[in-house]
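J.: Handing you a structure now.
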Amino acid sequence: MRRFALFTGKRLLFTVPQLFAVSVIVFFMIRLLPGDPSYMLAGPYASPDRIREVRSTLGLDQPITSQYVRYVERIAHGDFGTSWRTSQPVLNDIRQRLPATLELVVGAVLLSVVIGIPLGVAVATSRGGVLERGVFFYGMLAGSLPDFWIGLLLILIFFYLLGWAPAPVGQLDFAVSSPDHITGAYVVDALLTGNGPAFWSACGQLVLPLATLVLVYMPLVLKTARSTTEEMLLSGFVVQARASGLSRWMQLRYALGNALPPVITVVGIEFWFLLGGAVLVETIFAWGGLGQYAVESVINSDYAPIQAVVLITAAFTTLVFLVVDILYYLLDPRISV
Amino acid sequence: MRPLRDTDLWHFARLRPGMLFGLSVIILNVCLAAFGPAIAPFPTQAPAGASLVSPNGTHWFGTDVSGMDIFSRVMAAPRIDLTIALVSTVIAFACGVALGVISGYFAQGDRAGRIASTLIMRIADIVQAFPMFVFALALVGLSGPSTKNVIIALAFLNIPFFLRVTRGTVLQVRSRTFVEAAICAGNTSLRTAFVHVMPNALAPAMVHFSTTVGFSILLTAGLSFVGAGVPPPTPELGLMIQVGAQNMITGQWWTALFPGLCLAVTVLAFSLFGDNLRIFLDPTNRR
């Protein structure tokens, strides 16, 4: 227990400089890139005076260090600036949209784990046959399927041709009013408040985007689960277990103890990737989450939200990898910081 | 030079349909990038018929909403997509390998070297803390959507991957005797690092190259799809899918189906080729 506390403490300490560095990069990103935002904001026909005015409202005429201090101060107070497109504080915008994205990303990661790991282990234990060939070909597709195109195909097939799925209009069908706000994720909120129509509508809307993400991003988990299990089943300690007459089930248990930690890492990587990757799928399904917000901000050169989204997703990633490392430690105590 | 069919690579590839498939699609793409726009049957950036014609004898892949011939545009697309992916990957490869050699070679050197080595790794860590697509989106969005900015953003994001694989090999190669010999013969450390160690540590980065090109094509298309890539009406796969997306929902399936299929096949080809190349170069994997 003491060792665990020590590990977690050290790992947490490691996170602080990481978050600090992330904030530095986000801060400098807007200043180092070509193109002065004040020219963009002031418009193409602005006078030099007007541009200077915009520069000073953005604080761009101050020394860079004091700009940075001010930036960190504001973030610490939860002030990410104001989006000039929605004319709302960015924090409010994000608070509305983040749960929708998390619902999608967490759902996709969970499903990939629940389906991918057992399937990978099953294929590793019973080699040969149709299942293995199928999984082999599916695994080859890892990382090469364009998620936005797969999403469109699913809409074409299940909405247009078969009529099974609802129209891709967002998190709820048009006629359904949103459930009372608790977490912001409609499926969870509707379930908690016992709002039947909203729950079914939200679930129906969730199916296709979730299926897209799982279809495109599960192969990575599946492949890793399969290859690490295969490797462990062939390794010395499992051969020893078999020679000692232990049942197949026990052999598998031994193997899995060593095969699963690498899978956890891959799940973390998948989470990292999906925080960015879900952007495209959100756009197709008009999901109204953080990703779509980022896209709309980028297209409209709305700087404050872009910075905030990048910062928040990076902070999230850092947290995810923190959790991954801790889980890894719990599963495999040989690891040290 | 030996004829191609006598080389080990050819013998290896012959037994692996995945590699042959990857290689042929890559060659096809390179040819299309060179000659595609010239041999396309219709103009690639102007209407060539009625709007939304379904695939037929004249328009093999149909036409999109503004009447442009999709088959011609698909033929012209590699010139944009492959160029962006190749150039950005070459830049990422060069920078990543150079930084990887420095950080790997000096990891056990004097104090200044160790600091430089650690610093490079920490910066790579931080760059990789950002979810890739969001970061690419922000970089291109803030610097203005254009081919050049897409290339720069992709190159920047891919550097850490090349850095890591190179560093790992450099750490192994550095402890070999010939490196000691090179140092004893009076080579400076930079010369030893880049002339003696680097050539022996390139293989993993080269294997990674192919996969990265495929992945960059995917990212380019994704960026264009959301409007943060190359401007329309450039014949680019992501843009074509985006234009077709609205029609796809109302049943004009050909508008986004064919560009997307080409995109998926191309990316798959690069990744299969890369995977097989890795197996080929790793003797323990060869059966």
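The values are calculated or read from the model by the stated rules, or taken from the named source; none is laboratory data. All figures in this text were calculated on a predicted structure; none of them were measured in a lab. Here Cβ is always computed from backbone atoms with ideal geometry, including for glycine, and neighbour counts include all displayed protein chains.
J.: Is it the case that the stretch B:57-75 has a residue that's aliphatic (A, V, I, L, M), crowded, with 23+ Cβ neighbours inside 10 Å and either free of Cβ contacts under 8 Å to residues at least 40 places away in the same chain or assigned to a loop (DSSP other than H, G, I, E, B) (or both)?
T.: yes
J.: From the residues in the stretch A:140-158 that are under 16 Å from residue B:216 (Cβ atoms) and of a type in the set (Gly, Ala, Ser), which one is farthest from the other protein chains (Cβ to nearest Cβ)?
T.: A:143
J.: Follow-up question, since we're still on this one. Right, residue A:184: farther than 17 Å from residue A:104 by Cα and out of contact with any Cys (no Cβ under 9 Å at 6 or more places or on another chain) or not?
T.: In short, no.
J.: Within the stretch A:295-306, can you find the residues that are more than 8 Å from chain B (Cβ to nearest Cβ) and part of a helix (DSSP H, G or I)?
T.: Those that are more than 8 Å from chain B (Cβ to nearest Cβ) and part of a helix (DSSP H, G or I): A:296, A:304, A:305.
J.: Let me ask another. Taking the condition of being part of a loop (DSSP other than H, G, I, E, B) and facing another protein chain (nearest Cβ under 7 Å), how many residues in the stretch B:123-156 meet it?
T.: So the answer is 4.
J.: Could I ask something else about it? Would a scan of the stretch B:146-160 turn up a residue that is over 17 Å from the mean Cα position of the chain (by Cα) and buried (at least 17 other Cβ atoms within 10 Å of the Cβ)?
T.: Within the stretch B:146-160, not a single residue is over 17 Å from the mean Cα position of the chain (by Cα) and buried (at least 17 other Cβ atoms within 10 Å of the Cβ).
J.: For residue B:197, which of the numbered conditions (1) in contact with a helix residue (DSSP H, G or I) (Cβ under 6 Å, 6 or more places away or on another chain); (2) within 14 Å of another protein chain (Cβ to nearest Cβ) fails to hold?
T.: (2)
J.: Let me ask something else about it. Quick one: residue B:14 ticks every box in (1) out of contact with any Phe, Trp or Tyr (no Cβ under 8 Å at 6 or more places or on another chain); (2) farther than 18 Å from residue B:209 by Cα; (3) in contact (Cβ under 8 Å) with a residue 40 or more places away in the chain except a single one, so which number is it?
T.: Checking residue B:14 against (1) out of contact with any Phe, Trp or Tyr (no Cβ under 8 Å at 6 or more places or on another chain); (2) farther than 18 Å from residue B:209 by Cα; (3) in contact (Cβ under 8 Å) with a residue 40 or more places away in the chain, the one that fails is (3).
J.: Which condition number in (1) over 15 Å from residue A:208 (Cβ atoms); (2) assigned to a loop (DSSP other than H, G, I, E, B) is the one that residue A:163 fails?
T.: (1)
J.: Here is a follow-up. Could you list all residues from the stretch A:1-37 that are in a helix (DSSP H, G or I) and either of a type in the set (D, E, K, R) or at pLDDT below 75 (or both)?
T.: Across the stretch A:1-37, the qualifying residues are A:2, A:3, A:10, A:11, A:30, A:31, A:32, A:37.
J.: Of the residues A:167, A:198, A:175, A:124, which is over 23 Å from the mean Cα position of the chain (by Cα) and modelled with pLDDT of 80 or more?
T.: Of the residues listed, the single one that is over 23 Å from the mean Cα position of the chain (by Cα) and modelled with pLDDT of 80 or more is A:124.
J.: Let me ask another. Tell me, which helices (runs of 4 or more DSSP H) wholly within the stretch B:169-269 include 1 or more residues that are farther than 21 Å from residue A:282 by Cβ and not β-branched (Val, Ile, Thr)?
T.: Where helices (runs of 4 or more DSSP H) fall fully within the stretch B:169-269 and carry at least 1 residues being farther than 21 Å from residue A:282 by Cβ and not β-branched (Val, Ile, Thr), they are B:177-184, B:203-225.
J.: Among the candidates A:214, A:279, which residue alone is closer than 25 Å to residue B:242 by Cα, away from chain B (no Cβ under 14 Å) and touching a residue at least 12 places away in the same chain (Cβ under 8 Å)?
T.: A:214
J.: Which pairs have Cβ atoms under 9 Å, sit 6 or more apart or on different chains, and link a residue in the stretch A:98-109 that is charged (D, E, K, R) to one that is outside any helix (DSSP H, G or I)?
T.: A:103/A:171; A:103/A:183; A:103/A:184; A:103/A:185; A:103/A:289
J.: Any idea which of A:180, A:79, A:173 is closer than 25 Å to residue B:245 by Cα, without any contact (Cβ under 8 Å) to a residue 40 or more places away in the chain and not in a helix (DSSP H, G or I)?
T.: None of the others qualify; the one that does is A:173.
J.: If you scan the stretch B:225-269, which residues turn out to be in contact with a Leu (Cβ under 9 Å, 6 or more places away or on another chain) and hydroxyl-bearing (Ser, Thr, Tyr)?
T.: Hits for the stretch B:225-269 are B:255, B:266.
Each row is one residue, and each column tells you yes or no for (1) touching a strand residue (DSSP E or B) at 6+ places or on another chain (Cβ under 7 Å); (2) surrounded by 20 or more Cβ atoms within 10 Å (Cβ to Cβ); (3) more than 12 Å from chain A (Cβ to nearest Cβ); (4) of a type in the set (A, V, I, L, M).
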residue: B:217; (1), (2), (3), (4): no, yes, no, yes
residue: B:222; (1), (2), (3), (4): no, yes, no, no
residue: B:225; (1), (2), (3), (4): no, yes, no, no
residue: B:235; (1), (2), (3), (4): no, yes, yes, no
residue: B:240; (1), (2), (3), (4): no, yes, no, yes
residue: B:254; (1), (2), (3), (4): no, yes, no, no
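J.: Still on this structure: Can you tell me which residues in the stretch B:205-215 are within 13 Å of chain A (Cβ to nearest Cβ) and among the small types (Gly, Ala, Ser)?
T.: Once the filter is applied, which keeps residues that are within 13 Å of chain A (Cβ to nearest Cβ) and among the small types (Gly, Ala, Ser), the stretch B:205-215 yields B:210, B:214.
J.: With the requirement that a residue be assigned to a helix (DSSP H, G or I) and farther than 18 Å from residue B:168 by Cβ, what does the stretch B:95-118 give you?
T.: Result: B:111, B:112, B:115.
J.: Assess whether residue B:277 counts as being within 16 Å of the chain's Cα centre (by Cα) and more than 9 Å from chain A (Cβ to nearest Cβ).
T.: Yes; evaluated as a whole, the condition is true for this residue.
J.: A further question follows. Taking the condition part of a helix (DSSP H, G or I), charged (D, E, K, R), out of contact with any Gly (no Cβ under 6 Å at 6 or more places or on another chain) and surrounded by 14 or more Cβ atoms within 10 Å (Cβ to Cβ), does residue A:242 pass?
T.: It is true that residue A:242 is part of a helix (DSSP H, G or I), charged (D, E, K, R), out of contact with any Gly (no Cβ under 6 Å at 6 or more places or on another chain) and surrounded by 14 or more Cβ atoms within 10 Å (Cβ to Cβ).
J.: When you go through A:222, A:252, A:256, A:260 one by one, which is the residue that is modelled with pLDDT of 85 or more and in a helix (DSSP H, G or I)?
T.: None of the others qualify; the one that does is A:222.
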